[in-house]
Amino acid sequence: MSLKIENVTGGYSRMPVLKNISFDLNDGELIGLIGLNGAGKSTTIKHVIGLMEPFEGQIKLDGKTLKDNPSLYRKKIGFIPETPLLYDELTLKEHIEITAMAYDVDISVAMDRAIPLLEKFRLTDRLEWFPSDFSKGMKQKVMIVCAFIIEPSLYIIDEPFLGLDPIAIRDLIQMMEQKKREGASILMSTHVLASAERICDRFVIIDNGEIYAKGTLTELRKEFGMPEASLDEMYTQLADREGFLK
Amino acid sequence: MTIEGLFKNRQSYYYKNLGKYLKYVLNDHFVILLLVLAGATGLAYQNYLESVLVEALLPRVVLTLVILLVIFSGNIRTLVKPADAVFLLPKEKEFNLIMRRNLVYSLTFHSFYTVVIGFLTVPLLIGIEKMEPDNQIIWILTLVFWKVTHGIYLYYSLKQHQLETSRNIRYVIIAISLTGILTSVFISVFIGFFIALAAVSIFFLYVFIYTRSENWNWESLIETEQRRTQQIYSIINMFIETPYSKHKVKRLKFLDFLYNFSVFNQNPEIYFLSRMFIRNYNFSGLYLRLVLIGGIAIYFSNNWIINSVISVLFLYLIGFQLIPLRQVFKKTVYFRLYPNTDTDKINTIQKLLVILLAGSTIVYSLASISSGWVTMTALLAINIMFIYLFVYGYLPRRLNKKEKFS
């Protein structure tokens, strides 16, 4: 799986939110999308999953854009949104079934894949409940389960750690690392820089809709002349010095 | 902004909004229908009064039930919003004043219709010789006192109490008002009046002197207010679509067998739509009501023309009210993310509508069996024709038109 974002400019109205963004994501790679609130992280994600169309530039998954083959493009993506999006009228089990149906996974296969995850997240005895009544963290777990059962080749995860308990964060990180080993790519946006530093292979720092810097931790340290600095230290100092988002 | 100003703004916004929608509800057709209904009911009531027997039990029971319904219905209009539990929490003292105003306002409004109902029941009470015409003011005051007692109880129930205390209070209120009303209807309007007077005075003192300092239960304040506005908007929604219809979702596990039909598992669209339709009372409740009302109307009529007209009218109402199902897909992001979802969503809605309309046709035909096979066959044939035209002729055109303009 490779995701190629080439010179993408886009936004909600005519005023572009994203300005000429380019970066790649390779097989088995985890990229952390980092930026302040309103920097353009979620907008970038919306463009990748196809909820928004770029004004200019192209987004290619394995060399194909969304328009080339919508259903193939979409099938490759598993998306975990920042705020859990659930059907008010469907039970947890039915969420798994409808996801399986939409992504052409056999329902029994989907259930087999879901059960270990549900056990991990202690959701097994809630299969018949409406997830819309769950707490924020549990809703997030449902979203994670639904994204992982389709076994996509590209995971797009927006702020995965918010609301999750420490055990679930550990489990999610393990699951992501497992998928990476199996060759899937992950694009993750996050504010939890300590976790990001630990698990991401590369970082893309976005500010005000533009890419400010990208590269591995070592590359970033070298670029900003801050050897030994943690991602957190580096980022906050940078943000202060550069006056991000002003 | 003061808290008073905040609620004043809310109030004017609330009434402006309500007025806007009421204009659509009270359209010419509906007003004429209401007038005709009121006229017919009035005439029937008058005829009944002339024939009512002094010793009859039934009118007393019915009267008691009507009065209980009037007294125990209604809520206090608080205009509280969910966010208030966070933002207004430090202003509980000021909020007390607002709540007292809300109580006075709601009591005035409720007393108004209680008085109207009271006047309407006066002739019946005179008919069963429980009352002299001169004493009607006593009867009406009794009703208002009960209504006020109930209103104060509602006010009281929005504060924080021990679970046990509030349950006991509820039982006492129900028991006393039942005793009082039964006394008025069966024994003496005077004794009933004094029971009501005593109840309202004692309860007033209890709530406003004895338990005055208790805090508000914000969760129940919010929940009650949302339920209240929901009730209002669920009525308005039968006439015009408002953005205020939050769905009530029930699990309804006993209906799970319905989802075994393979037609409901063909694609994500129909999978979601079928379950959503059944569990969302906005849709299924509407359908059930129209099927039932139509069925009863047809059952009581023997003329095949009238039966067919009623059934087609109700099929049209059902179909028309379900057109907003289209919005459900628009509101759900997933149907833009799923692969293969460029499938025809209108097709899915058509499929569900055919099943639902066929279901109601079956009910209507069964209801008309008593009028003979010919009537039933005619009804069935006309209904099938209508369903075909509505679902495959009218619906796609209507939905496509909506698509273009939205």
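The values are calculated or read from the model by the stated rules, or taken from the named source; none is laboratory data. The shown structure was predicted, so the numbers you read here are calculated from the model rather than taken from an experiment. Cβ placement follows ideal geometry from the backbone for every residue including glycine, while neighbour counts extend to all protein chains displayed. When the accessible area is computed, the model is the full protein with side chains, heavy atoms only, and any ligands, DNA or RNA have been set aside. Shrake-Rupley method; radii C 1.70, N 1.55, O 1.52, S 1.80 Å.
From the list B:Q327, B:Q350, exactly one residue is polar (S, T, N, Q), loosely packed, with under 14 Cβ neighbours inside 10 Å and under 26 Å from B:T242 (Cβ atoms). Which is it?
B:Q327
All but one of (1) touching a Lys or Arg at 6+ places or on another chain (Cβ under 7 Å); (2) surrounded by fewer than 20 Cβ atoms within 10 Å (Cβ to Cβ); (3) part of a helix (DSSP H, G or I) hold for A:A229; state the number of the condition that does not hold.
(3)
For the stretch B:135-232, which helices (runs of 4 or more DSSP H) that fit wholly inside it have 1 or more residues that are modelled with pLDDT under 90 and within 18 Å of B:L65 (Cα to Cα)?
Filter on the stretch B:135-232 gives B:189-205.
Just one of the numbered conditions (1) within 14 Å of chain A (Cβ to nearest Cβ); (2) in a loop (DSSP other than H, G, I, E, B) is not true of B:N282; which one?
Condition (2) is where B:N282 drops out.
Mind listing just one residue for me: the one in the stretch A:209-226 that is part of a strand (DSSP E or B) and within 18 Å of A:R198 (Cα to Cα) and, of those, least open to solvent (accessible area, probe 1.4 Å)?
If we take residues in the stretch A:209-226 being part of a strand (DSSP E or B) and within 18 Å of A:R198 (Cα to Cα), then A:G215 is least open to solvent (accessible area, probe 1.4 Å).
Determine the pairs where a residue that is among the β-branched types (V, I, T), located within the stretch B:4-28, has a partner that is surrounded by 12 or more Cβ atoms within 10 Å (Cβ to Cβ) and assigned to a loop (DSSP other than H, G, I, E, B) with Cβ atoms under 6 Å apart, the partner being 6 or more residues away or on another chain.
Close Cβ pairs satisfying both conditions: B:V25/B:F239.
So, B:S262, is that one closer than 28 Å to B:L317 by Cα, small (G, A, S) and without any contact (Cβ under 8 Å) to a residue 24 or more places away in the chain or not?
Taking the combined requirement at face value, the residue satisfies it.
Would you check if there is a residue in the stretch B:65-79 being exposed (fewer than 10 other Cβ atoms within 10 Å of the Cβ) and assigned to a helix (DSSP H, G or I)?
no
Filter the stretch A:80-90 down to the residues that are at the interface with another protein chain (Cβ under 8 Å from one of its Cβ atoms) and open to solvent by 40 Å² or more (accessible area, probe 1.4 Å) and list them by number.
The answer is A:L85, A:D88.
Per-residue answers, yes or no, for (1) under 20 Å from A:M176 (Cα atoms); (2) modelled with pLDDT under 95; (3) in contact with a Lys or Arg (Cβ under 7 Å, 6 or more places away or on another chain):
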residue: A:M101; (1), (2), (3): no, yes, no
residue: A:D106; (1), (2), (3): no, yes, no
residue: A:A114; (1), (2), (3): yes, no, no
residue: A:P131; (1), (2), (3): no, yes, yes
residue: A:S135; (1), (2), (3): no, yes, no
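Going by the conditions given, is B:L288 loosely packed, with under 14 Cβ neighbours inside 10 Å and in the same structural domain as B:A358 (by TED's automatic domain parsing)?
Against the criterion (loosely packed, with under 14 Cβ neighbours inside 10 Å and in the same structural domain as B:A358 (by TED's automatic domain parsing)), B:L288 qualifies.
Output the residues belonging to the stretch A:182-208 that are in a loop (DSSP other than H, G, I, E, B) and within 14 Å of A:F23 (Cα to Cα).
A:D201
Please specify each residue of the stretch A:21-57 satisfying the condition of being open to solvent by 40 Å² or more (accessible area, probe 1.4 Å) and among the β-branched types (V, I, T).
Of everything in the stretch A:21-57, nothing turns out to be open to solvent by 40 Å² or more (accessible area, probe 1.4 Å) and among the β-branched types (V, I, T).
State whether the residues of the stretch B:186-195 include one that is under 28 Å from the mean Cα position of the chain (by Cα) and either open to solvent by 20 Å² or more (accessible area, probe 1.4 Å) or within 22 Å of B:L103 (Cα to Cα) (or both).
No, there is no match, as no residue in the stretch B:186-195 is under 28 Å from the mean Cα position of the chain (by Cα) and either open to solvent by 20 Å² or more (accessible area, probe 1.4 Å) or within 22 Å of B:L103 (Cα to Cα) (or both).
For A:S185, indicate whether it is small (G, A, S) and buried (at least 18 other Cβ atoms within 10 Å of the Cβ).
yes
Run down A:Y103, A:Y87 and say which single residue is more than 27 Å from A:G32 (Cβ to Cβ) and not aliphatic (A, V, I, L, M).
A:Y87
Restricting the stretch A:91-140 to residues that are at the interface with chain B (Cβ under 9 Å from one of its Cβ atoms) and open to solvent by less than 10 Å² (accessible area, probe 1.4 Å), which is farthest from A:Y73 (Cα to Cα)?
A:T91
Could you tell me whether the stretch B:299-320 includes any residue that is within 30 Å of A:M101 (Cα to Cα), in contact with a helix residue (DSSP H, G or I) (Cβ under 7 Å, 6 or more places away or on another chain) and at pLDDT 85 or above?
Yes; the residues of the stretch B:299-320 include at least one that is within 30 Å of A:M101 (Cα to Cα), in contact with a helix residue (DSSP H, G or I) (Cβ under 7 Å, 6 or more places away or on another chain) and at pLDDT 85 or above.
Filter the stretch A:58-78 down to the residues that are under 18 Å from A:F148 (Cα atoms), of a type outside the set (F, W, Y) and either open to solvent by less than 20 Å² (accessible area, probe 1.4 Å) or touching a Ser or Thr at 6+ places or on another chain (Cβ under 7 Å) (or both) and list them by number.
A:K76, A:I77, A:G78
Would you check if B:N265 is within 30 Å of B:T377 (Cα to Cα) and open to solvent by 40 Å² or more (accessible area, probe 1.4 Å)?
In short, no.
If the Cβ limit is 7 Å and pairs must be 6+ apart or interchain, which residue in the stretch B:118-142 that is assigned by TED's automatic domain parsing to the domain that holds B:V189 pairs with which residue that is among the basic types (K, R) and in a loop (DSSP other than H, G, I, E, B)?
Final answer for the pair search is none.
Out of all the residues in the stretch A:10-20, which are surrounded by fewer than 16 Cβ atoms within 10 Å (Cβ to Cβ) and modelled with pLDDT of 90 or more?
A:N20
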